[in-house]
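Each reported figure results from applying straightforward, stated rules to the coordinates on display, with no laboratory input. Being a predicted model, the structure only gives us computed values, none of them experimental. Cβ atoms come from the backbone with ideal geometry, glycine included; neighbour counts cover every protein chain shown.
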Amino acid sequence: MKGADALAAIAAVGTGVAAHRMWRSKKQVQEVESAAHRHEAYLRELEVFAESRERLVQQTETTAAAVELGTTVAKFGHHAIAAIPFTILEAIPVTRYPTIAVHRTHDVIADGAYLAAGRAAQAFSVWVRQSLSANRELT
């Protein structure tokens, strides 16, 4: 019986070692699967983040275009309304030349203000695009 007992003990130890190795292998497979799921979630999150960045850039560009359109409309409206008193005062001989000078000064200042508003909106749009592009390289 001694040989059979020794053989049974060896078989029991072998079974225990095999069971332990299988348990470790199963645990490692679970860890790899878990890491793969985390990686997939990370990739989905990056995709959503990139899409939201692009939407933000598009919205900023649309806003800049709207601001520029708005300033153009306001500029022409402003000039049309301002032209009324200037035209009247320019028709009067005594006030003609000072009014012409004031009218030109007014138009230069107004054009500069509207140009600045449009350029500021464009600059903001460019800044957003460049900022997001620079940050994209970090991810």
### Task
Decide, for the stretch 43-97, between rounded, prolate and oblate: order the square roots of the alpha carbon gyration tensor eigenvalues as a ≥ b ≥ c, take rounded if a/c falls under 1.5, and otherwise choose prolate if a/b is larger than b/c, else oblate.
prolate
### Query
What spacing in nm lies between the two simple spin-label points modelled at Ala36 and Ala6, each 7 Å away from Cα in the Cβ direction?
4.6
### Message
Cross-link candidates for Lys75: which aspartates and glutamates have Cα within less than 13 Å, leaving aside residues fewer than 8 places away along the same chain?
### Response
Asp107, Asp111
### Message
Along the Cα→Cβ direction, 7 angstrom out, place labels at Trp23 and Leu89. What is the inter-label distance in nm?
### Response
9.6
### Task
Evaluate the Debye formula for the chain with equal point scatterers sitting on the alpha carbons, no solvent, and hand back log10 of I(q)/I(0) at q = 0.09, 0.10, 0.19, 0.22 Å⁻¹, in q order, two decimals.
-0.62, -0.67, -1.07, -1.19
### Query
Using the alpha-carbon atoms, what tilt in degrees (0 to 90, nearest 10) does helix 96-138 show relative to the longest principal axis of the chain?
10
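Tell me, in nm to one decimal, what length is gained between Leu46 and Arg96 on full extension, where the rule is 0.36 nm per residue of separation less the Cα-Cα distance?
11.4 nm
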### Message
Running a GNM on the chain with Cα contacts under 10 Å, which residue among Ala66, Ala19, Ala117 ends up with the highest mean-square fluctuation?
### Response
Ala19
### Message
Run lengths n ≥ 4 of DSSP H only: what is the helix-derived mean residue ellipticity at 222 nm for the chain, with -39500 (n - 2.57) per run over all residues, to the nearest 500?
### Response
-36500 deg cm²/dmol
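If you place +1 on the Cβ of every Lys and Arg and -1 on the Cβ of every Asp and Glu, how big does the dipole about the Cα centre of the chain come out, in debye to the nearest 20?
500
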